[in-house]
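**Student:** Encoded as structure tokens, here's the structure I'll be asking about.
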Amino acid sequence: MSRTLADLAPDEEATITAVAGSDGLSHRLAELGFTRGATVRFVRTAPLGDPIQVRIRGFELAVRNSEARRVVVG
Amino acid sequence: MSAAPSPLAREASSEHRAADDPFVVAVIGNPNTGKTTLFNALTGLKQRTGNYAGVTVDSAIGNFEVDGDAFLLVDLPGSYSLSPRAPDELVAVRALIGRAAASRPDVVLCILDATNLDRNLYLLSQLLDSGLPVVVALTMVDVAKREGIRVDYRALAANLGAPVVPIHAAKRQGISQLRSALRSQAAAARGAAVRVSFPAEVETAVGELAQRISSAPGPRRDFIALRLLLDVDGFLARELADELPAEAITYAAEARRRLAQQDIAVPGIEIDRRYAWIDSVLEDSLASGDGARFVWTRRIDAIVTHKLWGTLIFLVGMALVFQAIFTWAAPFMDLIDGAFGALGDAVGATLPEGALRSLVVDGVIGGAGAVVVFVPQIAILFALITFMEDSGYLARAAFLMDRVMASFGLSGRSFIPMLSSFACAVPGIMSARVIESRRDRLVTIMIAPLMSCSARLPVYVLFIAAFIPARTVAGFIGLQGLTLFSMYMVGLVVAPLVALLLKRTTLRGPQVPFLMELPPYKVPSWRVVLFRVYDRSLAFVRRAGTIILATAILIWALSYFPRQPEVAARYDALRAGVTSESALVDLDRAEAAEQLRGSFLGRAGIAIEPLVEPLGWDWRIGMATLASFPAREIIIAALGTIYSLGDGQDEGSVELRTTLQAATWPDGRPIYTPAVALSVMVFFALCSQCAATLATMRRETGSWGPPIATFVYMTSLAYVAALLVYQVGSRIGW
């Protein structure tokens with residue numbers, strides 16, 4: 001199993017290797033800047049465990065765990 | 001850009017436009033780029049909401065003039081991309097393509113957030129393909145500077161092939177430069193010279209596809225061809241079904257298959273190419289310092305989205321919002337109530353007794369009062385929401401609540417509308433505009449009226465005080481307080497179930513990604529807050545007002561007509577022999593009760609008695625409930641009138657309470673038992689009895705479908721629940 005954005009620890013950074021899938025969600029993630037080679041940071045988890053706060057290309061996003069699992073990191 | 005004399009340029013640029021038609025400017029940008037602020041700065045306060053070129057959501061339009069040339073601005077919804085993946089994302093693409101060449105905008109004004117150029121340039125690069133003249137407004141330049149991000153405007157403009165104007169909308173800086181850039185671009189009418197290039201295979205496919213599209217050759221057709229090739233979900237194909245031959249659609253699908261065999265994934269290739277282009281553009285035009293950016297935002301976030309502190313701040317904040325709408329608005333609402341009451345009395349004194357006086361005083365003035373009384377709550381709620389939205393907190397609140405809302409198929413964005421609806425569903429429904437997904441917004445709007453609004457409180461207070469014994473259960477819990485709490489819980493329990501049901505049936509569809517931006521915190525602009533309060537309050541009074549007034553007048557007519565002269569004559573005869581002031585008042589009230597009983601409304605109450613009897617109700621409750629459909633709190637006044645106490649009763653009235661307690665069926669049994677009181681309260685907790693809410697729903701969704709569906713489901717639900725409560729309650733001895 002490859003590691004995904006959802007598996008990172010708080011404050012951990014990683015480089016994106018792929019965005020899995022070829023549906024609307026994976027395209028939307030890519031359009032927002034989750035592209036191969038970009039650096040993504042897992043900032044923290046919401047109090048109830050979902051969604052998570054991440055940083056990509058200098059801005060912060062709230063992403064659900066189910067969405068973050070699409071982002072494969074190296 | 002050549003500054004050609006405008007009348008000539010206009011004729012050259014667009015044969016479709018008459019000489020004095022305004023230039024149409026489509027305003028587009030990512031969410032959170034300060035688009036609304038810029039829009040207001042450009043148009044002054046002369047903007048209005050209206051439909052334009054198939055933009056179905058109320059989108060703002062506004063005008064301005066530059067050197068005698070008129071401009072019409074159309075605000076398109078904030079979006080990240082022109083690839084529609086849901087019907088609601090189609091709005092911007094539809095406006096840029098136009099249903100025909102003639103309805104395309106003359107210029108596109110694209111707003112770029114200087115602190116976030118990477119992602120913002122994605123949308124811009126797609127706009128450059130539209131073949132329309134583009135002007136770039138760069139916002140947040142002051143913040144960017146502070147954060148050590150330096151943008152070389154000239155290099156950026158050269159790389160984009162479009163004028164770039166840095167602005168500070170709240171301080172009105174750069175606005176006049178922006179206006180003249182729009183004017184010269186509109187006059188020149190030249191599409192952007194820069195385009196992101198795709199691999200030769202893709203370009204060839206686009207060219208081939210363009211020839212299969214029946215529209216006239218030109219930039220619009222090329223733009224359609226490109227977007228169609230990238231339209232994997234088929235939204236655009238369906239939208240343009242009338243002008244696209246089936247051949248074009250099959251060709252697009254085939255071309256995508258062929259490209260995939262050549263290892264060119266569509267639409268992945270678009271994203272890769274655009275981001276590669278963005279990187280090259282930013283390399284020459286952007287220099288960012290090495291220092292950490294947005295240090296303050298990150299410090300604040302460490303507390304505000306913290307597991308413990310974040311949750312506490314959220315709960316305290318929401319309690320304050322709730323309290324504010326509930327209590328801060330109360331004195332203003334009382335003032336409005338009192339003012340309309342006094343106006344009614346003053347006007348009433350100048351008119352002769354009869355139908356006209358009753359119409360003016362009870363129908364028109366009373367009805368207008370019922371509209372205006374909501375304004376304080378709307379104003380306070382929108383001040384607070386805009387404050388939270390503009391400061392950046394609203395997105396954090398949605399972040400914290402998303403998990404809870406997701407459990408019934410919605411997202412964190414639905415939280416504020418639901419919370420607001422505890423005060424009043426009208427501002428709650430209006431605040432659902434923050435929800436981007438059309439389906440989620442519709443579900444939220446349809447369940448918002450289930451939240452126990454402040455107008456239900458008087459009903460609960462009256463019935464609980466009269467019929468729920470003031471004793472404790474389990475030693476310390478007051479039964480009356482527990483009942484009140486349960487009434488609030490009824491809506492809270494039912495609303496998620498309805499949401500789940502709607503999401504699984506009529507409003508089912510693909511899950512919309514949550515993916516919500518958490519913008520940097522900033523000090524909110526008072527101008528923005530005040531404008532929103534003004535705009536929303538006015539919109540409510542204007543649009544919802546007419547419908548509420550009409551309904552109020554209708555109910556007045558039904559309760560006033562037909563007059564029964566024989567009743568009036570009988571009471572006149574009785575009055576003749578009476579001198580005591582209080583006896584006269586009693587006679588007036590008894591006459592009013594008898595007139596009401598004989599009115600259309602009274603007759604309707606008697607006619608529906610068989611229908612409400614299983615709920616434990618008599619015709620009086622049935623009639624008072626019918627009268628309460630325009631506004632549920634009317635039941636208090638209606639019961640007051642029918643029990644001959646006059647219509648000035650309020651929920652605290654001891655007289656009304658004891659009268660209800662003493663009311664009996666013809667056989668002497670008391671009408672109101674705790675089971676009946678509960679059945680009435682549950683009915684009021686669930687029923688759709690608010691013309692203002694339905695009118696607002698109509699206004700916000702642009703269709704009568706949602707209000708009608710809401711009315712039907714809530715009223716049926718209320719009936720069934722009240723039936724269950726009474727049938728079960730009366731059997732177990734309540």
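The values are calculated or read from the model by the stated rules, or taken from the named source; none is laboratory data. Just so we're clear, the structure is a prediction, and the values are computed from it rather than from any experiment. Because the Cβ atoms are built from the backbone with ideal geometry, glycine has one as well, and the counts that use them run over all protein chains shown.
**Student:** Within region B:406-425, which residues are modelled with pLDDT under 85 and either under 23 Å from B:Val541 (Cβ atoms) or more than 13 Å from chain A (Cβ to nearest Cβ) (or both)?
**Tutor:** B:Ile416, B:Leu419, B:Ser420, B:Phe422, B:Ala423, B:Cys424
**Student:** Residues that are in contact with an Asp or Glu (Cβ under 6 Å, 6 or more places away or on another chain) and either in a helix (DSSP H, G or I) or closer than 26 Å to B:Pro670 by Cβ (or both): does region B:548-561 have at least one?
**Tutor:** yes
**Student:** Still on this structure: Just checking, which of B:Phe39, B:Phe23 is more than 21 Å from B:Leu123 (Cα to Cα), at pLDDT 50 or above and either acidic (Asp, Glu) or in contact with a strand residue (DSSP E or B) (Cβ under 9 Å, 6 or more places away or on another chain) (or both)? Outline the logic, then answer.
**Tutor:** On the way: B:Phe39 fails: more than 21 Å from B:Leu123 (Cα to Cα).
Of the residues listed, the single one that is more than 21 Å from B:Leu123 (Cα to Cα), at pLDDT 50 or above and either acidic (Asp, Glu) or in contact with a strand residue (DSSP E or B) (Cβ under 9 Å, 6 or more places away or on another chain) (or both) is B:Phe23.
**Student:** When you scan region B:265-279, do you find a residue that is at pLDDT below 90 and more than 8 Å from chain A (Cβ to nearest Cβ), even just one?
**Tutor:** Within region B:265-279, one or more residues are at pLDDT below 90 and more than 8 Å from chain A (Cβ to nearest Cβ).
Yes/no per residue for (1) touching a strand residue (DSSP E or B) at 6+ places or on another chain (Cβ under 8 Å); (2) modelled with pLDDT under 90:
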position	(1), (2)
B:Ala691	yes, yes
B:Met697	no, no
B:Thr701	no, yes
B:Phe711	no, no
B:Met714	no, no
B:Ala722	no, no
B:Tyr726	no, no
B:Ser730	no, yes
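**Student:** Here's another thing I want to ask about it. Among the residues of region B:241-258, are any out of contact with any Ser or Thr (no Cβ under 8 Å at 6 or more places or on another chain) and within 14 Å of chain A (Cβ to nearest Cβ)?
**Tutor:** Yes, region B:241-258 contains a residue that is out of contact with any Ser or Thr (no Cβ under 8 Å at 6 or more places or on another chain) and within 14 Å of chain A (Cβ to nearest Cβ).
**Student:** Which is assigned to a helix (DSSP H, G or I), hydrophobic (A, V, I, L, M, F, W, C) and in contact (Cβ under 8 Å) with a residue 24 or more places away in the chain, of B:Val321, B:Val266?
**Tutor:** Answer to the selection: B:Val321.
**Student:** Still on this structure: Just checking, does region B:97-115 include any residue being modelled with pLDDT of 90 or more, out of contact with any Ser or Thr (no Cβ under 9 Å at 6 or more places or on another chain) and surrounded by fewer than 23 Cβ atoms within 10 Å (Cβ to Cβ)?
**Tutor:** Checking region B:97-115: not a single residue is modelled with pLDDT of 90 or more, out of contact with any Ser or Thr (no Cβ under 9 Å at 6 or more places or on another chain) and surrounded by fewer than 23 Cβ atoms within 10 Å (Cβ to Cβ).
**Student:** Here's something else I'd like to know. Of the residues B:Ala552, B:Ala557, only one is surrounded by 18 or more Cβ atoms within 10 Å (Cβ to Cβ) and either touching a residue at least 12 places away in the same chain (Cβ under 8 Å) or touching a Leu at 6+ places or on another chain (Cβ under 9 Å) (or both); which?
**Tutor:** Exactly one residue qualifies, and that residue is B:Ala552.
**Student:** Sticking with this one: Look through B:Val512, B:Val473, B:Val490, B:Val494 and report the one residue that is farther than 30 Å from B:Ile634 by Cα and crowded, with 17+ Cβ neighbours inside 10 Å.
**Tutor:** The unique qualifying residue is B:Val512.
**Student:** Give, as residue ranges, the strands (runs of 3 or more DSSP E) completely inside chain A that count at least 3 residues that are under 22 Å from B:Pro267 (Cα atoms) and within 12 Å of chain B (Cβ to nearest Cβ).
**Tutor:** Because the criterion is at least 3 residues that are under 22 Å from B:Pro267 (Cα atoms) and within 12 Å of chain B (Cβ to nearest Cβ), the strands (runs of 3 or more DSSP E) in chain A that meet it are A:12-19.
**Student:** Of everything in region B:116-146, what is within 12 Å of another protein chain (Cβ to nearest Cβ) and either surrounded by 22 or more Cβ atoms within 10 Å (Cβ to Cβ) or hydroxyl-bearing (Ser, Thr, Tyr) (or both)? Give them in sequence order.
**Tutor:** B:Asn116, B:Leu117, B:Arg119, B:Asn120, B:Leu121, B:Tyr122, B:Leu123, B:Ser125, B:Gln126, B:Met140, B:Ala144
**Student:** Now a separate question. Those residues that are of a type in the set (D, E, K, R) and out of contact with any helix residue (DSSP H, G or I) (no Cβ under 6 Å at 6 or more places or on another chain), I need them from region A:32-74; list them, please.
**Tutor:** Within region A:32-74, A:Arg36, A:Arg41, A:Arg44, A:Arg55, A:Glu60, A:Arg64, A:Glu67 qualify.
**Student:** Can you tell me which residues in region B:499-517 are within 14 Å of another protein chain (Cβ to nearest Cβ) and more than 30 Å from B:Thr305 (Cα to Cα)?
**Tutor:** Here is the first cut: in region B:499-517, the ones within 14 Å of another protein chain (Cβ to nearest Cβ) are B:509-517.
Of everything in region B:499-517, just one residue is within 14 Å of another protein chain (Cβ to nearest Cβ) and more than 30 Å from B:Thr305 (Cα to Cα), namely B:Gly509.
**Student:** Still on this model: Would you mind stating whether B:Phe600 is of a type in the set (Phe, Trp, Tyr) and within 19 Å of B:Met681 (Cα to Cα)? Spell out the reasoning first.
**Tutor:** Details: of a type in the set (Phe, Trp, Tyr): yes; within 19 Å of B:Met681 (Cα to Cα): no.
No.
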